Amino acid sequence: MDKSVYDTIIIGSGISGMAAGIILAKQGERTLVLEQHSSAGGMTQTFSRKGKIFPTGVHRLGSLNPGQPLWYYFRYLDIMDKLDLVKLSRDCFEKIYFPGKNYKIPTGHDNFRHRLIKYFPDQEKSITRYFFDLKHVISNIGMYNPSIIPEKDLSLQYTGPLEDYLKSIGVSGRLKSLLISNSPLYGVSSKECPLLTHFIVTDSYLNSSFRINELNTPFSDTLAKSFKSKGGKIYLNSHVKKLIINNKTVTGVILKNNEKLFSKKVVFSGHPSLILDICPPEHFRPVFRNRLNQGNSPGIFGVALKWKKNTCPLEKNDVYIYDSWDVNYQYVRGSILMGDPLGMVYLSALPDKDKSDKNFAVTALTGISNKETSVLKKYYKESKNDKYKTAKNKITQKILNHIKQVYPDLFENIEVADTYSPMTFQRYTLTKNGSAYGIQKTAQRFLEGMFHPATKIKNLFLTGQSIGFNGIHGAIVSSVNLCQLLYGKEYLTNKIVNKQN
Ligand SMILES: Cc1cc2nc3c(=O)[nH]c(=O)nc-3n(C[C@H](O)[C@H](O)[C@H](O)COP(=O)(O)OP(=O)(O)OC[C@H]3O[C@@H](n4cnc5c(N)ncnc54)[C@H](O)[C@@H]3O)c2cc1C
């Protein structure tokens, strides 16, 4: 390995680490990414089973049409024109099943508003208000859309509970269930979800929704290529076990094999609580340590399904199957291992080589509470091949039976290609408890869940989905925030918006 001093060492090769790497390399920095796993990408990785490719943590991306929020960031990372993107159906990018009724969500705010009014004519006033507020909030917050620089950033005024907001504008009953049915995308119930989070995610996918054709252009490879083309280096199997700190200033890292690497600054992009394992915790105040160890969002259990040729009923949309109108049930259920119903299963399909609608590799996902993960963890420790495997099979069967409510001939047409639990995510990305979205941002403790990129240790910075908002968009914004701190907000925003290197 190269023994010279890097400008920046970035720990972690997920989207946030790679985004920070690309931006810093673009500024001419000698940048090294260290990844503990044997392949790069963190949650952007895919896996191949039974001749199909399945994503792990990227099923859908929003706002990638020219001039839309994520498009600016992808363009600046030099990946926009390198990705083969599949646009989801304009008429229905999400199909939501409730008992006895299903709804199709179209792309476009006005389209969705008109359709909602058609579905719920008696709640037209509340629907109109919802879209008015959505637009107002989105156009008055910074960073989500880099081309919008509001006179006064209103982000912090809209962090109250989504539930209270919906009540205040008169949304109730089935309309409420439908509006909050996308909550699995941020992993928190409407009682705890900050309104801002809901509006950002809803806006992003209403603008436009895409999948990456991972067969033609794997996301993790595309990011790595962009980074390497700017001189960046990635070392795999390089688990950072300690930071080298002198006089409260970080000067490098020590790998598990005791190798030392030196740099002027270090960026940590894993779950932020892991920094307590790699540097002496006394560097941080107890309050900060508590914030790092606060509640995480739930984990996710996944079933990779291979549908027999030409039988897959999914089209170019994602599907949510709810077994009751109580969308929040999934966040409060007792335990699915003890027999409780799942509440919700989310289905997402990747196109096959011919991009036809009928040969999809489908991922079925359901949330797993932290309590359920603890049980799985215990089983894994006690007997991986017996207790843990049995529990996984039990959850898989529950997921399949849940899906069968909507697709009755499921069992004749599918093969289970693989299954994964929060434990799998923990193994591959080290994320705490296999949490899907990291530290949870609740309305009740919003600011405690948001972190500044700079730390008390000089030249040590944080980035990643736990630092700001989750998701690919949120993780990129956390890295842009960090680079703005280093290079200036106006300087970098100008480059991103006006596409300058
Ligand atoms: C099932 C699932 C589905 C999802 N679907 C979507 C979706 O459709 N759209 C969307 O926008 N978002 C989605 N998300 C969320 C999205 O994947 C994440 O928000 C995002 O990928 C997180 O990126 P990150 O860089 O913060 O973390 P990670 O991808 O976890 O990267 C952190 C990296 O740091 C490495 N690391 C940690 N500690 C060390 C160490 N000490 N030494 C070396 N390396 C280390 C880890 O191995 C890992 O590679 C999904 C998440 C899940 C779990």
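Computed from the coordinates by the stated procedures, all read-outs in this text should not be read as laboratory data. This one's a predicted model, so the numbers in the text were calculated from it and none came from an experiment. Using ideal geometry, Cβ is built from the backbone for each residue, glycine included, and neighbour counts are taken over all protein chains shown.
Miscellaneous remarks
- Candidate aspartates and glutamates for bridging to residue 458, where Cα separation is under 17 Å - those fewer than 8 sequence places away on the same chain excluded: 7, 282
- Dipole in debye (nearest 20) - region 417-501, about Cα centre, beta carbon charges: Lys, Arg +1; Asp, Glu -1: 200
- Debye, to nearest 20: dipole size of region 339-468, +1 on Lys, Arg Cβ, -1 on Asp, Glu Cβ: 800
- Counting only residues at least eight positions apart within a chain, or on another chain, the lysines with an alpha carbon under 19 Å from that of residue 308 are 50, 52, 316, 353, 355, 358, 404.
- For region 273-322, Kirkwood radius (reciprocal of mean inverse C-alpha pair distance, Å): 15.6
- FRET E, pair residue 494, residue 276, Förster distance 30 Å, beta-carbon r, rounded to 0.05: 0.25
- For the chain, the ratio of Cα radius of gyration to the globular rule of thumb 2.2 N^0.38 Å stands at 0.95.
- Volume per residue of the convex hull around the Cα atoms, evaluated for region 53-168, comes out as 170 Å³.
- When 333, 90 are sorted by how many other C-beta atoms sit within 10 angstrom of their C-beta, beginning with the fewest, the order is 90, 333.
- Residue-averaged 222 nm ellipticity for the chain, from DSSP H runs of 4+ at -39500 (n - 2.57), nearest 500: -9500 deg cm²/dmol
- Distance from region 475-501 to region 325-339 (C-alpha centre basis), Å: 41
- Partner aspartates and glutamates whose Cα lies under 17 Å from the Cα of residue 152, excluding those fewer than 8 positions away in the same chain, are identified as 133, 490.
- For the pair residue 153 and residue 124, the difference between a 0.36 nm per residue extended length and the Cα-Cα distance amounts to 7.5 nm.
- Fraction in percent of alpha-carbon pairs per bin - 10 Å, region 224-364: 9, 22, 20, 23, 21, 5, 0
- Gain in span if fully extended, residue 104 to residue 5, counting 0.36 nm per residue against the direct Cα distance: 30.2 nm
- Put in line by how crowded their Cβ is, counting other Cβ atoms within 10 Å and starting with the fewest, 332, 287, 327 read 287, 332, 327.
- Lys/Arg +1, Asp/Glu -1 at C-beta; the chain dipole; positive extreme among 98, 59, 286: 286
- Near residue 335: Cβ cut-off under 13 Å, other residues only, Lys/Arg at +1 and Asp/Glu at -1. The net charge is +3.
- Remark: the residue 310-residue 485 segment gains 57.9 nm on full extension, using 0.36 nm per residue and subtracting the alpha carbon distance.
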